Amino acid sequence: MASSRVFPVVRFVVKGSLAGGAIYVAYDQGLLGNGSQGAEALKKARAALPPAIQEWTNYTGWELPSTPKFDFSVSESWNTGVQATVSALSVAPTKVREYTQDGWKYINDLIK
């Protein structure tokens, strides 16, 4: 009976620890900083991941396809995403008001 009460607490603690660890690693590696810090973290990951994956595939005996090569600017994409989010948040009150007015008009037309 007591184990049924302990299991959810243990599960919560484990999930919270994993989430906290992920946030700590992201912060420590510079992923939560500005765009240039994110670009540096991506360069470090690009340098570290292929040898680690190769070692893992040699260990397991699996063969993975080669990774595609692409030119991608993290800082441009980050800035575009931030600008789109801020733009959406800045027009949100106006849009909510417009949609509310349209909804009331629609309901009033249905009632008449």
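Would you check if there is a residue in segment 2-11 being exposed (fewer than 10 other Cβ atoms within 10 Å of the Cβ), charged (D, E, K, R) and not in a loop (DSSP other than H, G, I, E, B)? Yes, there is a match, as at least one residue in segment 2-11 is exposed (fewer than 10 other Cβ atoms within 10 Å of the Cβ), charged (D, E, K, R) and not in a loop (DSSP other than H, G, I, E, B). Annotation for segment 66-84: at least one member residue is closer than 29 Å to GLY30 by Cα, assigned to a helix (DSSP H, G or I) and at pLDDT 80 or above.
Within segment 1-45, being closer than 27 Å to GLY81 by Cβ and of a type in the set (A, V, I, L, M, F, W, C) holds for LEU18, ALA19, ALA22, ILE23, VAL25, ALA26, LEU31, LEU32, ALA39, ALA41, LEU42, ALA45.
The values are calculated or read from the model by the stated rules, or taken from the named source; none is laboratory data. Source: prediction; values computed, not measured. Note that we place each Cβ from the backbone using ideal geometry, even for glycine, and neighbour counts take in every protein chain shown.
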